[in-house]
Amino acid sequence: MSGLLDHLPAVRGRLRAEAPLAPATWFKVGGAAEVLFRPEDADDLRTLLRGRPADVPLTVLGVASNTLVRDGGIRGLVVRLGRGFAGVEPDGADGLIAGAGALCANVAQQAMRAELGRLAFLSGIPGTVGGALRMNAGAYGGETAGVLDWAEALDPNGGLHRFSPRDLGYAYRHSDLPDGWVFTRARFRGVPASRGIAEEMAGIATARTDSQPVGMATGGSTFRNPPGLKAWQLIDAAGGRGLRIGGAEMS
């Protein structure tokens with residue numbers, strides 16, 4: 001049992017020492033978290049951040065669709081945002097506010113119900129809002145920075161900050177948010193559009209089915225595209241298609 005638990009503040013969420021992480025990842029591999037924390041809400045997470053020892057490493061996991069956990073596990077605190085961060089609600093005539101633990105696909109579904117255009121591309125991203133904010137995730141002609149109004153994050157000491165896309169220094173699959181900060185929620189701005197959203201999402205689903213092995217555990221778009229090139233084309237040209245090592249295969 002990890003002695004780290006003895007040095008953490010009292011919280012409302014669940015703290016668990018030596019928590020297996022493999023079941024929480026898409027690839028079902030990897031070791032344990034020294035301590036896994038599932039906060040009830042942003043205030044609960046703030047309590048932990050304010051009271052944890054400053055030298056304890058902090059790792060945030062979403063649905064771990066693009067994450068490999070080493071067999072030795074993850075030292076320090078691992079935070080996994082759950083139901084308290086999974087809400088998606090309309091905000092005015094042109095926006096949605098989503099928790100960092102919400103699935104991107106759920107944001108797209110809510111946008112369709114609210115008849116908001118420009119957000120359908122999120123249905124093609126197999127991850128959470130927090131991950132999309134961190135890496136400026138994008139797919140099918142859209143990216144997070146292009147539809148983000150603001151995002152909120154807690155700093156390592158529990159202070160709450162609100163950022164614009166410019167503040168976050170977004171570039172291709174990149175943000176400037178420092179390590180140790182945790183996104184909690186964000187507002188996405190759409191465009192009122194009463195028709196065509198469902199059709200766009202259906203087209204994205206078809207494109208994914210045609211181009212990716214959706215019936216098995218997959219890392220999705222694991223590689224960043226080099227400038228002016230496509231990663232899949234380079235892998236294909238190098239003879240990587242179908243390369244297999246153990247139970248892992250390059251699609």
Requested in this report: With θ set to phi - 60°, apply the Karplus curve 6.51 cos²θ - 1.76 cosθ + 1.60 along the stretch 113-129 and write out the HN-Hα couplings as whole Hz, x wherever there is a Gly or Pro.
Outcome: 5, 7, 6, 10, x, 6, 10, 4, 4, 4, 5, x, 10, x, x, 9, 4
Report task. For the stretch 151-203 and the stretch 1-72, compute the distance between their C-alpha centroids and round to whole Å. Result -> 23
Report summary line: Applying the gyration tensor rule to the Cα atoms of the stretch 26-91 (axes a ≥ b ≥ c; rounded if a/c under 1.5, else prolate if a/b exceeds b/c, else oblate), the class is oblate
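From the Cα gyration tensor of the chain, with a ≥ b ≥ c the square roots of its eigenvalues, which class applies: rounded if a/c is under 1.5, or else prolate if a/b is larger than b/c, or else oblate? Spell out each step's value before the answer.
Values: a/c = 1.92, a/b = 1.19, b/c = 1.62.
Verdict is oblate for the chain.
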Requested in this report: Find which of Val29, Leu243, Pro126 sits farthest along the positive direction of the dipole of the chain, computed with +1 on the beta-carbon of Lys and Arg, -1 on that of Asp and Glu, about the Cα centre.
Outcome: Leu243
Query raised in the report: Ignoring ligands, DNA and RNA, what accessible area per residue does the stretch 96-200 give at 1.4 Å, in Å²?
Result: 42
Query raised in the report: So how exposed is Tyr140, as accessible area in Å² (1.4 Å probe, rounded to 10)?
Result: 100
Query raised in the report: Taking amide hydrogens as modeled 1.01 Å from N in the peptide plane, which residues meet the under 5 Å criterion relative to Val35, leaving out close sequence neighbours?
Result: Glu18, Gly76, Val78
**Report entry** Portion, in percent, of the accessible area of the chain that falls on carbon or sulfur, probe 1.4 Å
**Finding:** 52
Report summary line: With a ≥ b ≥ c from the Cα gyration tensor eigenvalues, square-rooted, and the rule rounded for a/c under 1.5, otherwise prolate when a/b > b/c and oblate otherwise, the stretch 145-189 is oblate
**Report entry** Per-pair calculated FRET efficiency, R0 = 25 Å: Lys230 and Arg195 via Cβ, rounded to 0.05
**Finding:** 0.20
**Report entry** Per-residue SASA entry for Val60, accessible area with 1.4 Å probe, Å² rounded to 10
**Finding:** 70
Requested in this report: Per residue of the stretch 22-35, in order, report the coupling 6.51 cos²θ - 1.76 cosθ + 1.60 (Karplus, θ = phi - 60°) as ³J(HN,Hα) in whole Hz, putting x for Gly and Pro.
Outcome: 3, x, 8, 10, 5, 8, 6, 10, x, x, 9, 7, 4, 9
Query raised in the report: So what does Thr47 come to for accessible area, using a 1.4 Å probe and Å² rounded to 10?
Result: 60
Report summary line: Spelling it out for Arg185: with amide H atoms placed in the peptide plane at 1.01 Å from N, the residues 5 or more places away or on another chain with amide H under 5 Å from its amide H are Ala100, Glu152
Query raised in the report: How large is ³J(HN,Hα) for each residue in the stretch 154-161, as worked out from phi by the Karplus curve 6.51 cos²θ - 1.76 cosθ + 1.60 (θ = phi - 60°), to whole Hz, x for Gly and Pro?
Result: 9, 7, x, 9, x, x, 8, 9
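The values are calculated or read from the model by the stated rules, or taken from the named source; none is laboratory data. Predicted model only: the values in this text are computed from it and were never measured. FYI the Cβ positions are ideal-geometry reconstructions off the backbone, even for glycines, and counts take in every protein chain you see. In case anyone asks, the SASA skips ligands and DNA or RNA and just uses the protein heavy atoms, side chains included. Shrake-Rupley method; radii C 1.70, N 1.55, O 1.52, S 1.80 Å.
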